[in-house]
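Participant: Below: one structure in structure tokens.
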Amino acid sequence: NELSSTDSESDFYKYWIDWFVSLEGNEYFCAVDEEYVTDRFNLTNLNTEVLHYQKALELITDNLPNKPMTNELREQVEKSAMHLYGLVHARYIMTARGLSKMYEKYKHGEFGLCPRYHCSQHPLIPVGLSDIAFKEKVKLYCPRCEDIYCPKSRKHSRLDGAYFGTGLPHMIFLNYPANRPAPSEQRY
């Protein structure tokens, strides 16, 4: 049973967020601070975009009551929690703390490296082509050649681009201008 394996895996982690970001395919996400997730201002209007919003939020914040739920409802709540986390993540990575976490992942090449030869394996940054969920999958931006690529891995290419937003690369280099790479002098 898929749900029972998910339940046993989540027991290994103290917090739902730690479990979620550790899942295979979720390496592009950073851990959103609990204070950010519990601040109602940061969740404005997300209740209109997420089915079972309250239960999903309770699951993310590890406050879901131990009331019996049908397997179907539990599965819907888990999917809603993952979607809600993605939407909160998109907002969080625009904050100073979130940008710092994403910048560190970028510096360490955790999102992948540019496939173009003249970019000399420059690190990539995840970017969405739309801020609206379910419109576009995540892409990877190379600040050196200023081009966009599809993730090599299928597990990453399934992530919604809205979970990273359209402005992450721009915000990173607005906040860390000294680390903006010079465009490649060599042309193809």
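Participant: Could you give the angle, 0 to 90 degrees to the nearest 10, between helix 2-12's Cα long axis and the longest principal axis of the Cα atoms of the chain?
Facilitator: Rounded to the nearest ten degrees, it is 80.
Participant: Please give the FRET efficiency for ARG91 paired with ASP18, using the beta carbon to beta carbon distance and R0 = 22 Å, rounded to the nearest 0.05.
Facilitator: That pair, ARG91 with ASP18, gives E of 0.65.
Participant: Loop only per DSSP, at most 14 neighbouring Cβ atoms within 10 Å: give me the chymotrypsin sites (Phe, Trp or Tyr not before Pro) in the stretch 68-169, ordered by residue number. Display every interim value, and only then the final one.
Facilitator: Working: sites: TYR85, TYR92, TYR103, TYR106, PHE111, TYR117, PHE134, TYR141, TYR149, TYR163, PHE164; in loops: PHE111, PHE134, PHE164.
Here the chymotrypsin sites (Phe, Trp or Tyr not before Pro) that fit, given the DSSP loop and packing criteria, are PHE134.
Participant: If you wrap the stretch 43-99's Cα atoms in a convex hull and average its projection over all directions, what's the area in nm²?
Facilitator: Mean shadow area of the hull around the Cα atoms is 4.1 nm².
Participant: Moving on to the next point. Given DSSP loops and a limit of at most 12 other Cβ atoms within 10 Å, what is the longest stretch of the chain that contains no such GluC sites (Glu not before Pro)?
Facilitator: Here the longest run is 25-145.
Participant: So, one more: At 0.36 nm per residue, and after removing the present C-alpha to C-alpha distance, how many nm does the segment from ASN175 to THR44 gain when stretched out fully?
Facilitator: 44.7 nm
Participant: To the nearest 500 deg cm²/dmol, what mean residue ellipticity at 222 nm is calculated for the chain from DSSP H runs of n ≥ 4 alone, each contributing -39,500 (n - 2.57), summed and divided by the residues?
Facilitator: -12000 deg cm²/dmol
Participant: Please give the net charge around TYR92, taking every other residue with its beta carbon less than 10 angstrom from that of TYR92, where Lys and Arg add +1 and Asp and Glu add -1.
Facilitator: Every neighbour counted, the sum reads +2.
Participant: On average, how much accessible surface per residue is there in the stretch 58-118, in Å², for a 1.4 Å probe, leaving out ligands, DNA and RNA? The partial results should precede the final answer.
Facilitator: Working: 3170 Å² over 61 residues.
For the stretch 58-118, the per-residue accessible area is 52 Å².
Participant: Given the protein chains as shown and a 1.4 Å probe, how many square angstrom of MET69 are accessible, to the nearest 10?
Facilitator: Taking all protein chains as shown, MET69 has close to 50 Å².
Participant: Averaging the inverse of every distinct alpha carbon separation and then flipping it gives the Kirkwood radius. What is it for the chain, in angstrom units?
Facilitator: So the Kirkwood estimate lands at 17.6 Å.
Participant: Could you look at the stretch 32-188 and say what percent of its accessible area is carbon and sulfur, using a 1.4 Å probe and all protein chains?
Facilitator: 50
The values are calculated or read from the model by the stated rules, or taken from the named source; none is laboratory data. Bear in mind the structure is a predicted one, so any value in this text is a computation, not a measurement. Cβ: placed from backbone, ideal geometry, glycine included. Neighbour counts: every protein chain shown. Only protein heavy atoms, including side chains, enter the accessible area calculation; ligands, DNA and RNA are left aside. Shrake-Rupley method; radii C 1.70, N 1.55, O 1.52, S 1.80 Å.
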